[in-house]
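Presented below is the structure to which this report refers.
The values are calculated or read from the model by the stated rules, or taken from the named source; none is laboratory data. Please read these numbers as outputs of a predicted model, since none were measured by experiment. Quick reminder, even Gly has a Cβ in these numbers, built from the backbone with ideal geometry, and neighbours come from all protein chains shown.
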Amino acid sequence: MPKLRYLKVRFAQPIFPYDIPKFRAAVIEKTERKAALFHNHKDDKQVFYRYPLIQYKVTQKKASIICLESGTDEIHHLLQHRDMQLRIGNETHIFEVEDVDLHYHQVQTWTSEFEYSLLNWLALNQKHLQRWQALEGDETAQIDLLQSILKGNILAFAKGIDWWIEDQVTLTITQIKQIKPLTFKRKDLLAFSINFKTNVSLPNYVGLGKGSSIGFGIVKLINEKNDQ
């Protein structure tokens, strides 16, 4: 896999995680839908079912955007505006860029493993949720199910950046820190916050699973010295 182009733009404006969809909508409005990577829609009716290369996050309690590969080129549709007033709900704020982190991330499989945290991961679709509930009382089987799904999410991420993993992916969930119910697109789901180990190097703040474009399933390397 060639080195992954990675760009994180953090704004000075604080936002709450539940305001990320509003932040996304404001950015889409600002860019006048000139670049599909901002919203993953072909038109008002058709959706591109692909891994999102532009993702909206909260990092250090501030509004942020993560861009991968061609998403790093498309961000100019937003940043070219001198007037960065964005309407979040009923309030309008000026979004000043506070920090820009542009680098290449070596995404590959290794002989050693990395340990990550995964925040508010929407692991289970309706079919998987029924299976999860049927396995109640068998913690080992439930963890095996989650590990299988998470490995699939990593493979989907790899496919989305045009990386075809040839080596075996190893993955172990080391801790389930929290499971909380929430409603996502009018469906009752469970959000998992976990720690896991894998031999795949993943960039910080990249999203895995459902809702990865709007702040769900955020990956963060554990024991990293600097929070970039």
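Evaluated against (1) in contact with a helix residue (DSSP H, G or I) (Cβ under 9 Å, 6 or more places away or on another chain); (2) in a strand (DSSP E or B), GLN175 falls short on exactly one condition, (1). Taking first residues from the stretch 72-93 that are assigned by TED's automatic domain parsing to the domain that holds LYS8 and partners that are surrounded by fewer than 18 Cβ atoms within 10 Å (Cβ to Cβ) and at pLDDT below 85, the Cβ contacts under 9 Å between residues at least 6 apart in sequence or on separate chains come to GLU74/LYS34; GLU74/ALA36; HIS77/GLU32; HIS77/LYS34. Of all residues in the stretch 101-138, exactly one satisfies the criterion of being of a type in the set (A, V, I, L, M), within 20 Å of the chain's Cα centre (by Cα) and surrounded by fewer than 16 Cβ atoms within 10 Å (Cβ to Cβ), namely LEU102. Go through the stretch 194-224 and give me each residue that's assigned to a strand (DSSP E or B) and more than 21 Å from GLN126 (Cβ to Cβ). ASN195, PHE196, LYS197, THR198, ASN199, VAL200, ILE218, VAL219, LYS220, LEU221, listed by residue number.
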